[in-house]
Each structure stands twice: as C-alpha cells, then as structure tokens.
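Here is the structure we will look at, set down as structure tokens.
The values are calculated or read from the model by the stated rules, or taken from the named source; none is laboratory data. Note that the structure is predicted; figures quoted are calculated from it, not measured. Counting neighbours? That spans all protein chains shown, and the Cβs are built from the backbone with ideal geometry, glycine included.
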Amino acid sequence: MQQQINVNASAAPPIVRCQRQFSADSDSMECIPGWEVECLQVTPGDLAGCSVDLHLPSIQLLYEQYRNATTYHFGANPADTVSLGIAFDMEGDGLLNGHRWSDGLCAFDARSGLDSIVPPTQLISVVMDRALVNEYLLATEHVNLERCLSGGPAIVASGRLARRLVEPLQLVLAFSESVSPEASAVGARMQLSVLELLGPHIAAELCAPASAKRQGPYVDVVRRAREYLTECQDAPPEIGELCAVLGVSRRWLQLSFNEVLQVNPLTYLRALRLGGARRMLSSGGAGIRVKDAVEAFGFWHLSRFSHDYHALFGELPSETLRRSGGLA
C-alpha cells in the first residue's frame, strides 16, 4: 500500500507574500525572514535587485534578482530546513561553499552553512522543512537526501534543467498574488505541487554520486578568518598576524580565499570595510561626515579611500553622503 505523505501543517499558518527592492546602501538585502545571512558587495558596480518572498505552510519560495555587481553571502539558512537553489541567467560562475556554481540546481542544509559568491543572476530558492522533504523523498523517490547532503552541498550545473524548473515555480509565485492569506488548503496544494516538481530531479540528479573533491578545509579557514576580521575591521591585522591567529601558512590562507571567494584576503578585507563605510554614509545620521567613516573603518589615507570607494561603488563617498542628506 502506498504511504501517504502529510504536506498539510496541523495548524497551517497564513500564506505570506512580500516584495522588495534593494541596493548596496540598504539593509534590506539581509532582511529575509528566518535567514541569518549577511551580504557584501565584492566587485565594482551599482548593485541593485529585487525579490518576491512567498511563505507556504512548510515551504518558503524566494525569487531574487541581483544586477550589476557580484556579492558574497555568508551565514545560515533557517534551522531544520533544506534549501534548493535554481540559478538562471548567471553572468559567469559563482561559488557555493567552495564549489563551482552556475545556471542549474543546488541543494544544501543548515549543517554546512552558507558561503556563496553570487554574480549578477536570477535565483529561485526553495526552503523546505527538513522532516517534510526527507519523508516525501524517502516515500516517493526512495532516496535519502539527508545522506546526500551530509558532505556538503550538491550541485548540478545545467542551464537546461534550470529553465525546466523556473517556469512552473514562477507560475506559483504569480498565482500567489491572487490567493487569500487564509486559504491554507490552497497553500498546502501549492506546496505539494512544488514537491512533485522537484522530487524527481532531486533523486535523479542531485543525489547522484558527488565529486571526490573536498572543499571543507578551505571553507573552514575562510569562515574563521571572516569572524576574526569582522571583530577587528577598524584595526585590520597584517597577513602575518592573521596567519598566526588562524594557525595556517600564508600560502594556505591565500589558496583558501581564492578557492572559496575568488579574491585574496586583502581584497576581501577592503571590501568588508568599504561596505561598512557605505552603510554608515548612507544612514543619513545627523552630523556624519566622510572623515567619520574613514576613521570608523580604519582607513588612514583619505584620497586612497575615495579612490577605492569609487572603484567599488561607482560614486565618491561625498556623493553617497549627499544623497542621504548628510554633510560632505
């Protein structure tokens, strides 16, 4: 007898749908409900984007578009969830926990966290209750997703596969505009449709034998470096000091950053500090001046700061401050 899968929450929450626009000088990029993710612009350009966030009883469907610049996302997806990402129209290759990532399908869970380089792209993320998706896949596809993701993310680079999945998921997002927030039965049916769409591809492609290449040690070094640098970004260490703190050689530090982020440690630290300065200048706080941001984030050469700031964001720090209503 076929096992019945319960995709209805016992006390289904309302369907929630929201849209937003974001840019490099807004905090809205990091305000995805349930996610603990920070975002850092790492290449020059006028970063802009938009998103649609749909919450069904046990599934979150999130469409995001990033334009003009590459960003680095780090943190964790919601606890007790599995996240699938369908990327399309990506400009070049990205990285997901040290693995090459492009148009196609990927999956990861909270055990591995998130360290992702995202070029300009469109992305649909499907965040599923871990117990729900594992139960569904065991019963319908006879695969153990928990085991498939035990060693880190699973990635299938296939633009053709991405295109097959994107259209029906976009239809779900579009249809949700006309659904009453209290229509829990409709939400559960939409949720089941998403599982039925993704299940066969998870089984046939994501749970295929993974590459033998392991990126775990590189990712660990980058995460520890990031945590340390975040704590002391107003007094950045020299490379030798950072190597000593982490207990790694200069070559291993360089290799780790190149493999995981495609930038060297100094470039990453400069982008981190410049991003902090931009948020400060964009806040529009009373009396804030460019020199306040220079001093707050450890820059000692004003003209070099202005040059690097303009190279990354396409405008001078004084222009950012002027737009926010501050004093240059």
Next on the checklist: Based on this model, can you work out whether Ser193 counts as touching a helix residue (DSSP H, G or I) at 6+ places or on another chain (Cβ under 9 Å), at pLDDT 85 or above and under 27 Å from Gly75 (Cβ atoms)?
Outcome noted: no
Checklist entry - Within the group Leu137, Leu96, Leu132, Leu145, which residue is surrounded by fewer than 23 Cβ atoms within 10 Å (Cβ to Cβ) and assigned by TED's automatic domain parsing to the domain that holds Glu36? => result Leu132
Next on the checklist: For the stretch 102-122, check the following and say yes or no: at least one residue is under 18 Å from Leu54 (Cα atoms) and either at pLDDT 95 or above or assigned to a loop (DSSP other than H, G, I, E, B) (or both).
Outcome noted: yes
Checklist outcome for this item: Within the stretch 265-304, of all residues that are of a type in the set (Ser, Thr, Tyr) and in a helix (DSSP H, G or I), the one surrounded by the fewest Cβ atoms within 10 Å (Cβ to Cβ) is Ser303
Checklist entry - Restricting attention to the stretch 75-93, which residues are within 21 Å of Tyr268 (Cα to Cα) and modelled with pLDDT of 90 or more? => result Glu91, Gly92, Asp93
Checklist entry - Among the residues of the stretch 138-153, which ones are closer than 24 Å to Trp101 by Cα and of a type in the set (A, V, I, L, M)? => result Val143, Leu145, Leu149
Item to check | Residues of the stretch 59-92 classified as under 22 Å from Val221 (Cα atoms), in contact with a Pro (Cβ under 9 Å, 6 or more places away or on another chain) and part of a loop (DSSP other than H, G, I, E, B), total | outcome: 1
Checklist entry - Does the stretch 238-260 contain any residue that is in contact (Cβ under 8 Å) with a residue 24 or more places away in the chain, assigned to a loop (DSSP other than H, G, I, E, B) and surrounded by fewer than 18 Cβ atoms within 10 Å (Cβ to Cβ)? => result no
